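Working notes, beginning with the structure itself.
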Amino acid sequence: DGVPLPGVDSHPFSPAPVGSRVPGVGDEVSRRVHRTGELHAAAAELLRDAGQRYTAGRRRLVEALGSVDRPVTIAELLHREDDLAQSSAYRNLGVLEAAEVVHRVVSDDEFARYELAEDLTGHHHHHLICTTCGAVEDFTVPPDLEADLAAVSDRVAHETGFVARRHRLDLVGSCGTCR
């Protein structure tokens with residue numbers, strides 16, 4: 001797990017500059033939310049709404065996820081936060097996911113990857129998922145294509161009676177390294 005993709009820094013925990021995760025639409029939202037205090041305030045509010053506390057361990061996980069530019073595995077998080085117990089990380093990520101502070105990205109390998117929820121980052125994106133090595137990389141599409149994706153999603157939801165809260169697009173295949 002944690003195999004870097006071409007064009008992505010080889011270290012799994014290279015900090016992303018503030019706002020760098022959001023090219024174009026949403027830049028200002030991402031810069032604002034990535035300010036540590038506001039990110040933590042938003043996470044604390046979501047947890048409070050879910051009847052949970054914003055503990056020190058959860059705060060450390062949010063900080064770790066806020067400092068990376070792609071979804072990461074629990075092993076990568078534990079490498080970064082080496083004094084965090086594995087069982088605690090699993091339990092806290094489950095609570096953070098249920099409170100919609102983090103999202104879990106499932107790939108074809110045995111490792112789920114985690115990232116901060118788009119509502120906290122302002123970074124609407126999609127994923128490239130390699131079925132060979134399990135690597136997951138974020139990508140964005142131009143605003144006109146994003147509008148088309150939203151329109152198709154809305155139409156399908158309307159025609160089927162489905163109530164969609166958001167959409168995502170995962171491209172599944174082989175990364176440049178595995179290809």
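The values are calculated or read from the model by the stated rules, or taken from the named source; none is laboratory data. Here the structure is a predicted model, which means the values were calculated and not measured. All Cβ positions, glycine included, derive from the backbone under ideal geometry; neighbour counts span all protein chains shown. Ligands, DNA and RNA are excluded from the accessible area calculation, which covers all protein heavy atoms including side chains. Shrake-Rupley method; radii C 1.70, N 1.55, O 1.52, S 1.80 Å.
Listed values, structure above:
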| read-out | value |
| --- | --- |
| Criterion violated by Asp82 - all others in (1) open to solvent by 60 Å² or more (accessible area, probe 1.4 Å); (2) more than 13 Å from the chain's Cα centre (by Cα); (3) in contact (Cβ under 8 Å) with a residue 12 or more places away in the chain satisfied | (3) |
| Where a residue in segment 127-138 is touching a residue at least 12 places away in the same chain (Cβ under 8 Å) and its partner, wherever it lies, is assigned to a loop (DSSP other than H, G, I, E, B) and small (Gly, Ala, Ser), with Cβ under 7 Å and at least six apart | Ile129/Ser107; Cys130/Ser174; Thr131/Ser174; Thr132/Ser174; Gly134/Ser107; Val136/Ser107 |
| Residues satisfying the stated conditions in segment 156-179, i.e. open to solvent by 70 Å² or more (accessible area, probe 1.4 Å) and within 19 Å of the chain's Cα centre (by Cα) | Arg165, Arg166, Arg168, Leu171, Val172 |
| Filtered residues of segment 135-144 (kept if more than 13 Å from Arg168 (Cα to Cα) and either aromatic (Phe, Trp, Tyr) or surrounded by fewer than 17 Cβ atoms within 10 Å (Cβ to Cβ) (or both)) | Pro142, Pro143, Asp144 |
